[in-house]
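The structure appears right after this line, and notes come after that.
The values are calculated or read from the model by the stated rules, or taken from the named source; none is laboratory data. Nothing here was measured: the structure is a model prediction, and the numbers come from that model. A quick note on method: Cβ atoms are made from the backbone with ideal geometry, for glycine too, and the neighbour counts reach across all protein chains shown.
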Ligand SMILES: Nc1nc2c(ncn2[C@@H]2O[C@H](COP(=O)(O)OP(=O)(O)OP(=O)(O)O)[C@@H](O)[C@H]2O)c(=O)[nH]1
Ligand SMILES: [Mg+2]
């Protein structure tokens, strides 16, 4: 991160943000989705001061929201002295420009916000390359859009010179950088491949799930590792793999991965593709769900959606409902067991249910060893 030491000495003032949602996009999901947007904004370092929702009508092309809502938003942002309006949906490049002009504040959409968080959180060389690649790909059509816009606005003979050339140059620079990043990433992937080959013979499990479900906490509990855990979104960006050792000294590998979220920016999934695929191509996926989150059904569907996008063939998956210590109502836990037979109910924090989960992993590992030996024998 540039100027990191500077930031510590002189922390920047948090940006003041208002959130904007459109029921036309999220429907009944909107309140939850906006709550999540507020958490994302907080994770990105903004202070959320208010929000505005368009409940009726279709998405309108010039400003995404309708005229009346636009006026309302301008008043709200002005009254709160906001620097920033964060939209819960992806905006087209012209929409961003129109909105910034009308509102006189910076406008950011959901994808851009998530990309920003990833950029702040990326620590290893690989994740930095991946995030930068995603950001540039997100930016590229926006540069193009700006260029088209200028062309249209200025128009005519004699106005197509320097402006167009400059933007063409920008696009070329971005494209070249994208090509270079891709190459560097291929290099990193080759290094991984060597590691992967070495690990192929061992039983591998991978923790997947919605962001903040408690994957890293569970990972630490199961492997006694010290992976970073935080009550914020996207605490983990890099896949980490550690050994699990059974009482009989049997070994298996467990991988902790980046969390998923609904409307995960497409470019991010694309650039993290190799890391994610490697992680989720495990012998067993442990889908970790935050049992204490009232929204967990939707979160599960979002995770399943990303997994489908990543995997050609589904992997053996077991559901792990975590944070049972936060579910005061024991009946609802019993309900979960009925609704999802075969799922594990655990608390990574208190250790409740972990013994059964461990036993299951070892059982699976043993079965696979038998199957593999059998296959070799035949
Ligand atoms: N009460 C309780 N809190 C938990 C439990 N497991 C995790 N947490 C908390 O939930 C928050 C998120 O935990 P993480 O382990 O970072 O979650 P994650 O799924 O790895 O999140 P990302 O890396 O952001 O995707 C932290 O504040 C944890 O302390 C649990 O079993 N009970
Ligand atoms: Mg994590």
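I need the full set of residues from the range 304-330 which are surrounded by fewer than 18 Cβ atoms within 10 Å (Cβ to Cβ), assigned to a helix (DSSP H, G or I) and within 14 Å of ligand 1 (Cβ to nearest atom), in order please.
325, 326 - these are the residues of the range 304-330 that are surrounded by fewer than 18 Cβ atoms within 10 Å (Cβ to Cβ), assigned to a helix (DSSP H, G or I) and within 14 Å of ligand 1 (Cβ to nearest atom).
Among the helices (runs of 4 or more DSSP H) contained in the range 200-294, which hold 2 or more residues that are more than 11 Å from ligand 2 (Cβ to nearest atom) and closer than 26 Å to residue 190 by Cα?
In the range 200-294, 266-271, 273-280 are the helices (runs of 4 or more DSSP H) which contain 2 or more residues that are more than 11 Å from ligand 2 (Cβ to nearest atom) and closer than 26 Å to residue 190 by Cα.
Just give me the residues in the range 323-362 being touching a helix residue (DSSP H, G or I) at 6+ places or on another chain (Cβ under 6 Å) and closer than 14 Å to residue 209 by Cβ, in sequence order.
Residues satisfying the conditions are 344, 346, 348.
Only one of (1) surrounded by 14 or more Cβ atoms within 10 Å (Cβ to Cβ); (2) modelled with pLDDT under 95; (3) within 15 Å of residue 284 (Cα to Cα) fails for residue 333. Which number is that?
Only one criterion is unmet by residue 333, namely (3).
Kindly indicate which of 55, 39 is touching a helix residue (DSSP H, G or I) at 6+ places or on another chain (Cβ under 6 Å), modelled with pLDDT under 95 and more than 26 Å from residue 141 (Cα to Cα).
None of the other options fit; the residue is 55.
Can you find, within the range 305-326, the residue that is nearest to the chain's Cα centre (by Cα) among those that are at pLDDT below 95 and over 26 Å from residue 362 (Cβ atoms)?
Top of the filtered list is 306.
Please specify each residue of the range 347-360 satisfying the condition of being in contact (Cβ under 8 Å) with a residue 24 or more places away in the chain and closer than 16 Å to residue 317 by Cα.
Matches in the range 347-360: 357, 358, 360.
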